[in-house]
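Read through the structure below, which is laid out as structure tokens, and then see the notes.
What follows draws every value from the coordinates through simple rules; no lab data is involved. Here the structure is a predicted model, which means the values were calculated and not measured. All Cβ positions, glycine included, derive from the backbone under ideal geometry; neighbour counts span all protein chains shown.
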Amino acid sequence: MAEPLLAPGTPVDLTNCHREPIRTPGGIQAHGALLAADEATLEVVQASANAPALLGDAVLGRTLEDLLGADVVEQLRAGAADETPNLRPLRTRGLDAYAYRPAEGVLVVELEPVGDHSASLTRYQDEIARVLGLLQDAPTIEDLLQRTARVVRELTGSDRVWAYRFEPDDHGVILAEEKREDLDAFLGLHYPASDIPPQARALFLQNRLRFIHDVETPASPLEPAANPLTGEWLDLSKGVLRAVSPIHIQYLKNMGATASMSIALSVGGRLWGLISGHHYSGPLFVPHEVRATCELIGIVGSMQLEALEKLEVSRRQGTLATKRSAVIDHVAASSSILDGLAAAGEDLLAVCGADGAAIRIDDDLRLIGETPSEVMELLDGLAAADVSATHHADSGMPGVLAAPLAVARGNHIVWFRREYVHTIEWAHAPKSLAVKEPERLNPDGSFRTWAESVKGESRPWDVVEVESATELRSALGTFLITRAEQLAALNAELARSNEELDAFAYVAAHDLKEPLRGIANFASFLVEDYEDTLDAEARERLATITKLSQRMGSLLDSLLEYSRIGRADLAMSDFTVEAVVADAVELLAHPPALRIEGGDMPLRGDRIRVRQLLVNLIGNAVKYSPDVPEITITAQAGRVCVEDNGIGVAPEHHDAIFHVFRRLHPRDAYGGGTGAGLTIARRIAERHGGELWLERSTPGVGSAFCFTLGGS
Amino acid sequence: MHARTLEPLAVVEDSDEDFEALSRVLRETTSREGVKRYVSGEDAVAGLIGGEDARPALIILDLNLPGIRGMEVLAKLKADARLKIVPVVVLSGSSREEDIDAAYEAGANAYLSKPLDFTELRRIVLSLHEFWQIATLPGRGQ
């Protein structure tokens with residue numbers, strides 16, 4: 001990805017400045033001087049061209065001790081390991097001195113005039129205490145940045161100070177601005193990412209402070225250009241005087257700036273943004289004490305930023321969690337997850353700040369709020385197993401946050417955000433806009449803004465929102481499992497209670513038969529034993545007792561039969577429709593004439609039970625038909641239908657005929673019966689995993705009952 | 001064929017009404033003394049297996065008994081050296097296939113369902129009696 005840096009000294013322009021070796025510029029800002037010594041001998045082997053003038057003497061070939069004094073050199077060497085030279089200068093002979101080691105055995109000392117406004121560090125300590133208190137009290141990130149900008153401007157006297165944040169694509173946006181009143185406001189402007197090349201960003205994480213005191217004074221070159229000890233150009237990144245890239249100088253000049261400064265704001269090891277100052281009224285020398293204070297502000301500001309970001313994140317997380325619980329409550333209160341989610345409505349949208357949502361579970365689709373017209377295609381195209389988010393989908397609604405529930409079954413929750421058409425005010429045209437400019441750094445002698453209208457995008461989903469969607473998905477996952485477990489337990493319970501009910505029905509029917517036999521028998525005994533003394537009425541009453549007993553016996557037999565179907569194992573075998581119909585006809589008291597179509601269709605089931613089913617259906621057809629019934633049995637595609645030309649069933653009774661012991665006719669009409677035949681037939685079909693239903697029926701014309709036996 | 005007397009005839013039946021109906025038919029074929037009733041499984045086991053009762057020519061056994069179930073009585077009868085050769089006819093209120101199969105597996109010689117209609121009962125019992133009178137039975141030499 002990163003292209004190799006250019007060789008030191010290579011001329012740079014806009015096309016290669018992202019490869020400029022900014023750590024080895026080969027020169028320093030000319031208000032200070034640099035000495036590079038061999039640490040073994042302390043002999044100065046390389047120096048900035050202006051060093052003799054600043055020190056009032058030749059420097060090359062001299063020793064540091066000779067030039068600065070042995071005690072000073074001793075302290076400088078001791079402090080050379082320090083990571084932040086800006087905070088710890090050594091003040092000597094009206095100069096602030098910093099030391100660092102750019103390479104093994106090389107000791108560099110940078111010297112800088114203390115300046116006209118030098119003040120004691122104690123004065124700044126008060127200032128620091130005040131500033132830190134101010135930053136710590138900032139309730140929001142916006143407030144913190146505003147205060148930071150104000151404080152930095154107060155301290156440095158810079159004409160304008162911004163605080164800006166780098167967006168995820170590294171372009172900057174100005175969030176706070178403090179400026180001289182007569183200057184135009186730049187607040188809210190965006191800067192292209194290319195304005196600060198990657199190597200410059202990286203350097204900010206290492207050396208948090210960058211001051212350019214005067215853009216007009218040329219850099220003072222190092223002599224010789226390459227360090228005699230290493231044979232390479234010196235790495236000046238640890239120092240404060242490092243010369244500025246000519247491209248950047250031009251950039252500043254185009255903005256009309258005469259001096260500038262930048263302070264890094266970092267959060268979690270990433271360059272979050274910069275506090276950036278521009279001066280427009282000549283050189284601005286910021287003394288060491290102020291710079292040190294600014295560096296502290298950058299450090300404390302960064303810490304405070306991190307804390308506030310976390311606070312904002314946790315607040316937002318809290319808000320979204322509340323919405324999620326509301327959604328879960330709805331789901332818990334509903335009979336299905338789908339209904340629960342749909343009922344959650346606005347709360348479901350608020351889980352991640354969406355404008356609309358689509359939920360699809362097992363081909364059942366629910367839409368909430370605003371959804372794109374191509375929602376089905378979009379759902380069908382989802383293949384990822386994880387939550388995914390985009391804010392520039394090629395869709396009617398470019399914001400799409402998808403949480404798959406079961407990809408294989410096409411079950412998803414997808415949130416949508418509508419297009420967010422907005423304008424980015426660029427401080428100057430980013431390269432990506434391909435604006436034609438002969439001299440891009442200086443379009444027409446000044447900076448001007450370029451408005452970019454952004455379309456086809458929604459507001460991006462932030463991390464917390466994506467997290468929230470993920471959380472909801474997990475919670476629903478648990479729910480799905482729980483629901484499945486509940487169903488399994490319920491099914492087991494139902495199966496058990498069905499078995500108990502069957503067992504109960506059996507025992508009840510069986511035990512009821514014993515006293516019933518007694519009643520029937522004793523009625524018979526009375527008739528036999530008192531034949532001569534009983535009058536006609538008494539005999540008739542006894543005959544009624546016998547008849548009623550017989551009827552009750554039939555009812556109990558039906559109940560026994562019904563309960564037995566639920567309990568007995570099926571003895572599965574293969575047979576044809578023809579064969580089992582023949583079995584059934586044999587059992588009928590009055591075998592009717594039948595027409596069979598598709599009789600060779602194979603069936604698989606418990607032949608005895610299927611026979612019973614057919615006996616019941618054919619028996620009914622005979623029972624409820626005219627003197628010459630026309631019964632047709634049609635078998636096709638796993639389904640068998642028994643059609644008759646009988647009395648038919650009125651539509652209002654289509655359900656009732658399947659209720660056990662429910663009769664539609666007086667019990668002696670149509671040859672009587674217990675009213676359990678259809679119930680038993682249906683139960684046999686269901687026991688096989690199939691169904692039995694009334695296909696059609698017209699009173700006076702006939703009925704057709706059909707059944708299947710399930711898959712196997 | 002010469003008809004023998006099918007006595008003594010043991011009836012294991014707890015229901016008085018069912019026993020009365022059965023007796024009513026047996027009265028036509030067998031002397032009152034020729035029928036020995038046991039009112040429970042315990043009663044039958046105590047009298048037949050552990051007791052002094054004469055070995056019956058035929059046992060009519062109800063399955064639905066209080067206490068020791070009919071199936072258990074059947075198993076004990078068939079496990080007893082003296083009684084296992086005596087034909088056992090199960091006369092039960094149950095027409096459940098499992099009961100029928102289990103009874104034959106335990107050694108029942110016939111299984112009859114108790115009908116609700118007395119005329120039907122009479123027909124069944126008379127047929128039963130006639131058959132076992134005709135059939136050559138073991139153990140006549142005792």
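Paramagnetic label reach from residue A:493 (point 7 Å along Cα→Cβ; backbone nitrogen cut-off under 19 Å): within segment A:296-338, residues A:332-337.
When only C-alpha pairs under 8 Å and at least 6 residues apart count, what is the relative contact order of chain A, in percent? Computed value for chain A: 8 percent relative contact order. A Förster radius of 25 Å, combined with the Cβ-Cβ distance separating residue A:547 from residue A:652, puts the computed FRET efficiency at roughly 0.20.
Extending 7 Å from the Cα toward the beta-carbon at both residue B:5 and residue A:462 defines two label points whose distance is 11.0 nm.
Label positions at residue A:572 and residue B:16, each projected 7 Å from the Cα along the C-beta direction, are separated by 5.2 nm.
When the helices of chain A are scored as -39500 (n - 2.57) per DSSP H run of n ≥ 4 and the total is divided over every residue, the value at 222 nm lands at -13000 deg cm²/dmol. Modelled this way, with points 7 Å down the Cα-to-C-beta line, the labels at residue A:554 and residue A:216 are 12.3 nm from one another.
Mind putting a number on the dipole of the protein assembly as shown about its Cα centre? Charges go on the C-beta only, +1 for Lys and Arg and -1 for Asp and Glu, and I need it in Debye to the nearest 20.
The calculation lands at about 820 debye.
At 0.36 nm per residue, minus the direct Cα-Cα distance, what do residue A:335 and residue A:380 gain on full extension? Give it in nm, one decimal, please.
The span from residue A:335 to residue A:380 would gain 13.6 nm if fully extended.
Averaged over the residues of A:209-218, the number of partner chain Cβ atoms lying within 10 Å of the residue Cβ comes to 0.
How much length is gained on full extension from residue A:63 to residue A:600, taking 0.36 nm per residue of separation minus their Cα-Cα distance? It would help to have the intermediate numbers written out before the result.
On the way: separation 537, 0.36 × 537 = 193.32 nm, distance 11.49 nm.
Length gained, residue A:63 through residue A:600: 181.8 nm.
Sequence-distant contacts, meaning Cα pairs under 8 Å at least 6 residues apart, place the relative contact order of segment B:51-142 at 26 percent.
Charged neighbours of residue A:568, selected by a Cβ distance under 15 Å, balance to -2 (K, R count +1; D, E count -1). With r defined as the distance between the Cβ atoms of residue A:187 and residue A:407 and R0 fixed at 35 Å, what FRET efficiency is calculated, to the nearest 0.05? Computed FRET efficiency for residue A:187 and residue A:407 comes out at 0.15. For residue A:310 and residue A:373, what is the calculated FRET efficiency with R₀ set at 35 Å and r taken between the beta-carbons, to the nearest 0.05? Here the calculated transfer efficiency is 0.30.
Full extension of the chain between residue B:84 and residue B:130 gives 14.4 nm of extra length, using 0.36 nm per residue less the Cα-Cα distance.
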